[in-house]
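Visitor: Sharing a structure with you now.
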Amino acid sequence: MQKYIYYMFVFFCMSLWSLNGVFGVDAVKTESVTEGESVTLNPDTEIQTDDQIEWSVDGRFRDRLKLDKTGSLSITNTSTTDSGLYKVTSTRSETPLNTFNLTVYACLPVPVITRDSSQNSSSSSSSSSSYCSWVCSVVDVTHVILSWYKGNSLLSSISVSDLSRNLSLHLKCLDDSYSCVLNNPISNQTTHLNNTRLCQPCSDSIHCCSFTEAVIRLALSALVGVATVAVLVYDIRSRSLQQKKSEQTPSLNSD
């Protein structure tokens, strides 16, 4: 008896689901596009010649909307302000034929990788920071994730969902190539960092230096080298003069 009741309940639920589809009750359809692109919202139900349909939309579109004979609504040159709900109804139905949730994502900027100067200055007083440090950053972004990858492996990430803001993510280089990736649900931007060329590991006694400090060190090394060569040349000349004097002095023979 319980098994029979269970089957009857399942049949009732399936019948109710079918009736909902007939009378136009439908789940919200999601559409995503990047700002500046075009998008077309296509109703599932075929529009008859004697039907009158109506799209309910918010916002200012001017001449960016186009409705064709099938009932599809096209939006050109989309903007982030076009995001929202779009409902299409027909004179034959009291409920919406379809409801679309449109999300227009802003174009993603390219992540910028720079040397983390604050980390470099702190590493000069602490031998524990024995590797160069980098920071990947983007400005004025929303609904994105900023991540560091080593190959295809995710190392770290940070996200922002609601407000436009600046994001930055730090990385200590080791011994491989890395990439910084900014992405949203439909697109991404990637900047690669080849640390074998840009960030060599440092010993415990030498910290990773800035460009200015590297120039100073190079200049000091050059001065030391010049001084060493000068001393060596002076020593060679002194020995040569002493040898000439000794050869020119006449020897004294005793009777």
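Visitor: Report the full-extension gain for the segment residue 163 to residue 194: residue separation times 0.36 nm, less the Cα-Cα distance, to one decimal in nm. Can you show the working numbers first?
Guide: Numbers: separation 31, 0.36 × 31 = 11.16 nm, distance 3.21 nm.
Separation in residues times 0.36 nm, less the Cα-Cα distance, equals 8.0 nm.
Visitor: To continue, here is another question. Find how much the distance from residue 70 to residue 240 grows on full extension, using 0.36 nm per residue of separation minus their present alpha carbon separation; answer in nm with one decimal.
Guide: Details: separation 170, 0.36 × 170 = 61.20 nm, distance 10.35 nm.
Using 0.36 nm per residue and subtracting the Cα-Cα distance, I get 50.9 nm.
Visitor: I'd like the chymotrypsin sites (Phe, Trp or Tyr not before Pro) in region 55-109 restricted to DSSP loop residues with at most 16 other Cβ atoms within 10 Å, sorted by number. Walk me through the intermediate numbers first.
Guide: On the way: sites: 55, 61, 86, 100, 105; in loops: 61.
Those that pass, being in a loop and sparsely packed, are 61.
Rule-based calculations on the coordinates, nothing more; no lab input. Keep in mind it's a predicted model, so treat the numbers as computed, not measured. Positions of Cβ are backbone-derived with ideal geometry, glycine not excepted, and every protein chain shown enters the neighbour counts.
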